[in-house]
Amino acid sequence: MVNKYSPLLTDHFMNPRNIGRLTDYTFKVESDHLKDGDQIVFYVDLENGRVKDISYKIQGCPRVIAASSFTSELVKGKTISEVLEIKEDAIAERLGITDPSFVCIRLPLATLQRKLKEYVSG
Amino acid sequence: MREVYLDHAATTPPYPEVLKALQESYATIYGNASSLHATGQKARRALEKAREDIAKLIDAEPEEVYITSGGTESDNIALFGTEALYPGQPMITSLIEHEAVLESAKALESKGHPVRFLPVDTNGVVDLNALKAYLEEKPFLVSVMAANNEIGTVQPVKEIAKLAHERGALVHTDAVQAVGKIPINVRELGVDMLSASAHKFYGPKGIGFFYLRKGVKVLPIVQGGGHERGLRSGTENVPGAIAMALALKISTRLFTRTHYRYERWTAQILSKCGEIGGFRLNGHPQQRVPGLLSLSFKRINGEALMELLDMNGVAVSTASACQSHSAKRGYSHVIQSLGIDEEYANGTIRVSLGVENVQEEVDFFCEILKKCVLQLRGYRNGQ
């Protein structure tokens, strides 16, 4: 089989980390860009300004699944400001999807950052 | 890792006999069929023999069969080769045609031909009442596919041809997904033009044919040396034509065997889908191409399912593509036309069986399909 996806993306798609639904969470946030029944719902538990725990439920393309998984690992343990500083391109590059038309690869981080901005601004 | 190929509606692996014929003819029948010397005439005879064989298999006259580069070219000849003879007159096609017809029809629209697109019912069968209504507008052409490439529904082409001819319209059918898969008899269908492509029936890629009923006028769309009785200029692909004729002969001979096997395997796959739950079989329950299954799974992204199956060694195709970046729907125009629930439509894959498949591969597919659907549903449920 010829792999069109990077090994990292394939791994996160086939074995996504942090899938689930937290029972105790500070907020949950849903992506507003997916269509046709696709969705991501993140559950985020904040403690002392840090992402203590994160999980999500997801239906979507392989890239958005892998990106959600990768993003969840990346933000776990980080402070809110550290999460807000992560560049969307960094995730796309790490997962090997550089075509900017694939908004899906950027969507999980954008969703989380949008909600965190709302959260901090009260 | 095991690799199971279940995407025969996309393309097929050539029969070993076809590969052998191709290799041998490239080595020994290399002449230009237009050359007058013996080497050229040898190629001419081989080409005409291939044409005769193809004609016989679809009940046409040899001079009604034109060798082309495949389905897309044949479809283009049918539409662009006739439109100039009927300036400004409308044409009718369906909403679920292959892009080779759909895009050509749109191009005709920009040339001043009003184009009417026939809707389909939930089984993907074209609406004959709409056809009757549009025929009142005196179209010059009706082009409806013989069998749909995504859902396998076989269209009532015979009835369409009868209705269209009563109103004086020409009839073309894109039979790319039908020729070599189900018996096709051009006399019985009553069509004026038909398109076929060899690689869909275990022949080589880049070769196909165009059936044109004797007496029907079509203009060439490519200018050149006047090959193929002036309709299709360009040095004839003789080895390709030989291989195509052989592929069609073998496929036709295997109909009974393949149809029996596909029926059994279809029942097995559908039974597994029933076990998985939340699925629907798209297309007409009976009027369908054997071995082509369009399956929609509820609350699944079709692209994710296709990719996960691929990563597990099974090649199928999907009608879904990521459209998170656009306003378009994520699934195809065919699936959209069926009007099925979005929760199902998004999770559509196409499984198309082939003559080289064996029981163990179907067993393997059934197990992998269940595993993959449940895995993706688990992601959605947060499990």
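Return the percentage of antiparallel bridges among DSSP beta bridges fully within the protein assembly as shown, rounded to the nearest 5 %.
Bridges in the protein assembly as shown are about 70 percent antiparallel.
Could you do me a favour and compute the accessible area per residue for the stretch A:7-120, 1.4 Å probe, result in Å²?
43
P(r) for the stretch B:16-253, please, calculated from all Cα pair distances in 10 Å bins and given in %.
The distribution over the stretch B:16-253 is 8, 34, 35, 17, 6, 1, given as percents.
Let me confirm one metric for peptide A:57-69, namely the mean number of other chain beta-carbon atoms within 10 Å of its residues' beta-carbons.
6
Where the only charges are on Cβ atoms (+1 Lys, Arg; -1 Asp, Glu), what is the dipole of chain A about its Cα centre, to the nearest 20 debye?
Once rounded to the nearest 20, the dipole reads 80 debye.
Given the stretch A:7-120, report the % of alpha carbon pairs whose separation exceeds 26 Å.
Everything past 26 Å amounts to 10 percent.
State, in square angstrom and to the nearest 100, the accessible area buried between chains B and A, both chains counted, probe radius 1.4 Å.
Summed over both sides, the interface buries about 2400 Å².
Can you list residues whose amide H is under 5 Å from B:Val314's amide H, if they're 5+ apart or on another chain and H is modeled 1.01 Å from N?
Here the answer is B:Val4, since their amide H atoms fall under 5 Å of that of B:Val314.
Cβ neighbours within 10 Å, averaged per peptide: list B:210-223, A:9-22, B:186-199 in order, most packed at the top.
Numbers: B:210-223: 16.4, A:9-22: 18.4, B:186-199: 24.6.
Sorting B:210-223, A:9-22, B:186-199 by mean packing, highest first, produces B:186-199, A:9-22, B:210-223.
With θ taken as phi - 60° and the coefficients 6.51, -1.76 and 1.60, list the Karplus ³J(HN,Hα) couplings across the stretch A:104-115 in order, rounded to whole Hz; mark glycine and proline as x.
Using θ = phi - 60°, the values come out as 3, 5, 9, 4, x, 5, 4, 5, 5, 5, 4, 5 Hz.
Of the accessible area of the protein assembly as shown, with the probe set at 1.4 angstrom, what percent is carbon plus sulfur? The partial results should precede the final answer.
Details: 10510 of 20540 Å².
Its accessible area is 51 percent carbon and sulfur atoms.
Could you work out [θ]222 nm for chain B from helices alone, using -39500 (n - 2.57) per DSSP H run of at least four and dividing by all its residues? Round to the nearest 500 deg cm²/dmol.
Counting only the DSSP helices, I get -13500 deg cm²/dmol.
Using the Cα centre as the reference, give the magnitude of the dipole from point charges on the C-beta atoms of the stretch B:16-253 (Lys, Arg: +1; Asp, Glu: -1; all else neutral), rounded to the nearest 20 debye.
It works out to roughly 640 debye.
If you wrap a convex hull around the C-alpha atoms of the protein assembly as shown and split its volume per residue, what is the figure in Å³?
Working: hull volume 82.4 nm³, N = 505.
Hull volume over Cα atoms, normalised by residue count, gives 163 Å³.
For a quick check: with amide H placed at 1.01 Å from N, whose amide H comes under 5 Å from B:Asn301's, ignoring anything fewer than 5 positions away on the same chain?
It is A:Gly60, by chain and number.
For the stretch B:61-78 and the stretch B:10-27, what is the separation of their C-alpha centers, rounded to whole Å?
20
Once Lys and Arg get +1 and Asp and Glu get -1 on their Cβ, which of B:Tyr379, B:Pro14, B:His113 lies farthest toward the positive end of the dipole of chain B?
The listed residue farthest towards the positive side: B:Pro14.
What residues of the stretch A:22-51 lose no less than 50 Å² of accessible area with every protein chain in place versus their chain by itself (probe 1.4 Å, heavy atoms only)?
A:Lys35, A:Asp36
Work out the mean other chain Cβ neighbour count within 10 Å for the residues of B:296-303 and drop it here as an integer.
What the average comes to for B:296-303 is 4.
Convert each backbone phi in the stretch B:310-319 into a coupling constant with the Karplus relation 6.51 cos²θ - 1.76 cosθ + 1.60 (shift: θ = phi - 60°), then list the ³J(HN,Hα) values in order as whole Hz, x for Gly and Pro.
For the stretch B:310-319, the Karplus-derived couplings read 4, 5, 9, x, 10, 9, 10, 10, 10, 8 Hz, x marking Gly and Pro.
Return the distance in nm (one decimal) between the two label points of a simple spin-label model at A:Asn48 and B:Tyr260, each offset 7 Å from Cα along Cα→Cβ.
Result: 7.5 nm between the two label points.
Please check the stretch B:349-383 for residues whose accessible area, probe 1.4 Å, is lower by 20 Å² or more when all protein chains are in place than in their chain alone.
B:Tyr379, B:Arg380, B:Gly382
So if I take the centroid of the Cα atoms in the stretch B:130-149 and the same for the stretch A:45-64, what is the distance between those two points in Å?
52
Which residues' amide hydrogens lie under 5 Å from the amide hydrogen of A:Leu46, considering only partners 5 or more residues apart or on another chain, with H built in the peptide plane?
Distant-sequence amide H within range of A:Leu46: A:Thr26, A:Phe27, A:Lys52.
Ranked highest first by average number of other Cβ atoms within 10 Å, how do B:4-11, B:250-257 line up?
Working: B:4-11: 20.8, B:250-257: 14.4.
The most tightly packed comes first, giving B:4-11, B:250-257.
Restricting the count to DSSP beta bridges whose residues both fall in chain B, what percent are antiparallel, rounded to a multiple of 5?
Of the beta bridges lying entirely in chain B, close to 60 percent run antiparallel.
Would you mind putting B:266-277, B:159-170 in packing order, based on average other-beta-carbon counts within 10 Å, highest first?
Values: B:266-277: 14.7, B:159-170: 18.2.
Per-residue mean Cβ counts within 10 Å order the peptides as B:159-170, B:266-277.
Using each residue's phi in the stretch B:189-201, evaluate 6.51 cos²θ - 1.76 cosθ + 1.60 at θ = phi - 60° and report the 3J(HN,Hα) Karplus result to the nearest Hz, with x for Gly and Pro.
5, x, 7, 8, 9, 8, 10, 9, 9, 5, 6, 7, 10
The values are calculated or read from the model by the stated rules, or taken from the named source; none is laboratory data. Quick caveat: nothing in here was measured; it's all calculated off a predicted structure. Cβ coordinates were reconstructed from backbone atoms using ideal geometry, including for glycine residues, and neighbour counts include every protein chain displayed. Side chains included, ligands, DNA and RNA excluded: accessible areas come from the protein's heavy atoms. Shrake-Rupley method; radii C 1.70, N 1.55, O 1.52, S 1.80 Å.
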